[in-house]
1. Within the group B:A93, B:A88, which residue is touching a Pro at 6+ places or on another chain (Cβ under 9 Å) and surrounded by 14 or more Cβ atoms within 10 Å (Cβ to Cβ)?
2. Starting from residues that are over 20 Å from A:G109 (Cβ atoms) and free of Cβ contacts under 8 Å to residues at least 40 places away in the same chain, keep the ones in the stretch A:45-54 and report whichever is most open to solvent (accessible area, probe 1.4 Å).
3. Scanning the stretch A:74-98 for residues that are part of a strand (DSSP E or B) and among the hydroxyl-bearing types (S, T, Y), which turns out nearest to the other protein chains (Cβ to nearest Cβ)?
4. Name the single residue that is modelled with the highest pLDDT among those in the stretch B:36-45 being of a type outside the set (D, E) and part of a loop (DSSP other than H, G, I, E, B).
5. Within the group A:G71, A:G3, A:G16, A:G28, which residue is assigned to a loop (DSSP other than H, G, I, E, B) and within 11 Å of chain B (Cβ to nearest Cβ)?
6. Examine the stretch A:99-106 for a residue that is more than 14 Å from chain B (Cβ to nearest Cβ), closer than 26 Å to A:G28 by Cβ and open to solvent by 10 Å² or more (accessible area, probe 1.4 Å), and state whether such a residue exists.
7. Given B:E17, B:E44, which one is closer than 23 Å to A:A88 by Cβ and either open to solvent by less than 70 Å² (accessible area, probe 1.4 Å) or not β-branched (V, I, T) (or both)?
Amino acid sequence: GAGVSQSPSNKVTEKGKDVELRCDPISGHTALYWYRQSLGQGLEFLIYFQGNSAPDKSGLPSDRFSAERTGGSVSTLTIQRTQQEDSAVYLCASSSGLAGVETQYFGPGTRLLVL
Amino acid sequence: AQKITQTQPGMFVQEKEAVTLDCTYDTSDPSYGLFWYKQPSSGEMIFLIYQGSYDQQNATEGRYSLNFQKARKSANLVISASQLGDSAMYFCAMSRFTGGFKTIFGAGTRLFVKA
C-alpha cells in the first residue's frame, strides 16, 4: 500500500481481556517497529523486527505483551489480560531496512482504551 | 545509555517568524542519526528532517533546518517563516547507525503559532 496502515483505529476493551493490534507496513519495507504513546507523552519503543532476524524485544514492558510478524510483512501486537495502564496509542512504523539509520514512516496508530 | 532531552514543553511563535526547538542528546556511539518528527493533533507522525552524525553540513528541508552542533551534542530544529499549520508537537529522536532498532524519542515540544 501507499503507507503504513493499522487496525483497528480505536479499540475499547474491558480490563482482563486480550487485544490484538495489526500493522501493515509499506510494501517492501523489511524493518518494522512498534511504539506506545501515552497521553501527552513521547514515544516508548516496544519491539523491532528486521527481516528474518530475531526481533529486538527489549522495550516490551511485561510478558503480557508479545508481537509477531508473519511472512516478513504484517505484524500483530498482542496484549494479554489488559490493564488500565495499557491505555495508550500504539504506533507502528516501517523503514526500508537497507541502511543502518533510516527514516521511519508511521501509521495512524491504534487508540486503545482499557476500562 | 542513549538519551534525548527536549527542555521546552511548549513554545509560542508569531506567524511568519522563525522558531528554534531545542534538542540535546547523549550517546557513546560514534555513529548515529538524528531525526525530527511532527505530530499534529490528528496524531500522525510526520518525518521532517534527518542528520547523520558524520554529515559535515547541517541538514535542510524546505523551511526546516537542523542546527547540528556535535561537540555540544545538540540538534536543534529551526522552522523559518512559521505558518499556522506548524502548530503541533515536535519530537526529536535518535537511532544508532549500526542498526535502526530502539530509536529513542524525546518528550516533545508543543509549538503554538499565533496569527
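1. Values: B:A93 fails: touching a Pro at 6+ places or on another chain (Cβ under 9 Å).
Matching residue, one of B:A93, B:A88: B:A88.
2. So the first thing to find is which residues in the stretch A:45-54 are over 20 Å from A:G109 (Cβ atoms), and the list is A:50-54.
Pick out the ones that are also free of Cβ contacts under 8 Å to residues at least 40 places away in the same chain and you get A:52-54.
Numbers: A:N52: 162, A:S53: 71, A:A54: 90 Å².
Selected residue: A:N52.
3. Within the stretch A:74-98, the subset part of a strand (DSSP E or B) is A:75-79, A:88-95.
Restricting the remaining residues to those that are among the hydroxyl-bearing types (S, T, Y) gives A:75-76, A:78, A:90, A:94-95.
Working: A:S75: 14, A:T76: 19, A:T78: 20, A:Y90: 11, A:S94: 11, A:S95: 6 Å.
Step by step, filter the stretch A:74-98, then rank; the result is A:S95.
4. We begin by selecting, within the stretch B:36-45, every residue of a type outside the set (D, E); these are B:36-43, B:45.
Still in the list and also part of a loop (DSSP other than H, G, I, E, B): B:40-43, B:45.
Values: B:P40: 94, B:S41: 90, B:S42: 87, B:G43: 86, B:M45: 91.
Restricting to residues being of a type outside the set (D, E) and part of a loop (DSSP other than H, G, I, E, B), the top hit is B:P40.
5. Values: A:G71 fails: within 11 Å of chain B (Cβ to nearest Cβ); A:G16 fails: within 11 Å of chain B (Cβ to nearest Cβ); A:G28 fails: within 11 Å of chain B (Cβ to nearest Cβ).
Answer to the check: A:G3.
6. We begin by selecting, within the stretch A:99-106, every residue more than 14 Å from chain B (Cβ to nearest Cβ); these are none.
Among the residues of the stretch A:99-106, not one is more than 14 Å from chain B (Cβ to nearest Cβ), closer than 26 Å to A:G28 by Cβ and open to solvent by 10 Å² or more (accessible area, probe 1.4 Å), which makes the answer no.
7. Details: B:E17 fails: closer than 23 Å to A:A88 by Cβ.
Matching residue, one of B:E17, B:E44: B:E44.
For (1) within 11 Å of another protein chain (Cβ to nearest Cβ); (2) open to solvent by less than 10 Å² (accessible area, probe 1.4 Å); (3) within 19 Å of A:Y35 (Cβ to Cβ); (4) in a strand (DSSP E or B), each residue gets a yes or a no:
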{"site": "B:S28", "(1), (2), (3), (4)": "no, no, no, no"}
{"site": "B:L34", "(1), (2), (3), (4)": "yes, yes, yes, yes"}
{"site": "B:L66", "(1), (2), (3), (4)": "no, yes, no, yes"}
{"site": "B:A71", "(1), (2), (3), (4)": "no, no, no, no"}
{"site": "B:S82", "(1), (2), (3), (4)": "no, yes, no, no"}
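The values are calculated or read from the model by the stated rules, or taken from the named source; none is laboratory data. None of the values given here were measured: they were computed from a predicted structure. Heads up, the Cβs are rebuilt from the backbone with ideal geometry, glycines too, and the neighbour counts pull from every protein chain shown. Just so you know, the surface numbers come from the protein's heavy atoms only, side chains and all, with ligands and any DNA or RNA stripped out. Shrake-Rupley method; radii C 1.70, N 1.55, O 1.52, S 1.80 Å.
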